[in-house]
Amino acid sequence: LAAMLLKVVVLESASGAYLDMNAELRAAGSASALAALVGGVAAHPSPDYVTALRQAGVRTRAVGVATIALTASVLASGLPLMNVLPRPLLGSLLMANGVELTKLWLWDARRWIDRPGFAMLFAMICSALLFGQTAAVLLGALCAVFLSHLRLSRANALKYHLTSRSCHPPASRPHHAQAFLRRHGGAIHLIGLEGFLYGGTVSRLSR
């Protein structure tokens, strides 16, 4: 589940479009259930294929539908195409895909990811190479929680800050009340907030 969510996040970042997590999980679950009925493996989103199609200028589902139809026809025919196609060709395709993804996330990603996010991505890739994918997913989740807490703590939630001396409501008061407000109006604070209230923002507001 964590790996699937990570792939959805990568797909959303690569495509630049908003993706509904619940809809993606329901679609992957339904596809996995159907695949299990015919002896297939679990289905999941494929960021590398989507990225390659977007770079080729594809914006419709025609390629996906054609791929499904071709795969189904090959499976139904029973022809061993893996024995017909040259092995170096298949290997070179996999190597080219790997080199393209490595270049995308180790070099091109610096243009749309800030430095902390890029450092987290580089640490995840190194962790995946040294300790495996599970460790990389766990490291990415911990880093994402830390960075989100750090950014929320630095968010500016103060919209405006006024005192009774600078803000006079349109109301008539007795002369003694007006004199009291003129003397002590600086102690009355009017604070407007927006966004998220977090521990760091509350601490700064209290200071």
What does the helix-only formula give at 222 nm for the chain: each DSSP H stretch with n ≥ 4 adding -39500 (n - 2.57), the total divided by the residues, and the result rounded to the nearest 500 deg cm²/dmol? -21000 deg cm²/dmol
How far, in nm, would the chain grow between TYR160 and VAL145 when pulled straight, counting 0.36 nm per residue and subtracting the alpha carbon separation? 2.5 nm
The relative contact order of the chain, taking Cα pairs under 8 Å that sit 6 or more residues apart, comes to a percentage of 14
Cα→Cβ-extended label distance, 7 Å offset, between SER73 and LEU25, nm: 3.8
Please list TRP112, TRP105 from largest to smallest accessible area, probe radius 1.4 Å, with all protein chains kept in place. TRP112, TRP105
The whole-number value in µm²/s of the Stokes-Einstein translational diffusion coefficient for the range 1-121, with Rh from the Kirkwood sum over alpha carbon pairs at 37 °C and 0.692 mPa s, is 196
Return one number: the angle in degrees, 0 to 90 and rounded to the nearest 10, between the long axis of the Cα atoms of helix 62-77 and the longest principal axis of the Cα atoms of the chain. 30
Taking a probe of 1.4 angstrom, what is the accessible area of GLU194 in Å², to the nearest 10? 90
Averaged per residue, the 1.4 Å probe accessible area of the chain, protein heavy atoms only, in Å², is roughly 74
To test your reading of the geometry: what angle, between 0 and 90 degrees and rounded to tens, separates the Cα axis of helix 115-131 from the longest principal axis of the chain? 40
Tell me the carbon and sulfur percent of the accessible area for the range 106-179, rounded to whole percent, probe radius 1.4 Å. 66
As I understand it, the value is the acute angle between the Cα axis of helix 175-184 and the longest principal axis of the Cα atoms of the chain; what does it come to in degrees, rounded to 10? 60
Give me the orientation-averaged projected area of the Cα convex hull of the range 100-164, in nm², one decimal. 5.8
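The values are calculated or read from the model by the stated rules, or taken from the named source; none is laboratory data. The structure displayed is predicted, hence computed values, not measured ones. Cβ coordinates were reconstructed from backbone atoms using ideal geometry, including for glycine residues, and neighbour counts include every protein chain displayed. Accessible surface is based on the protein model in full, side chains and every heavy atom, while ligands, DNA and RNA are left aside. Shrake-Rupley method; radii C 1.70, N 1.55, O 1.52, S 1.80 Å.
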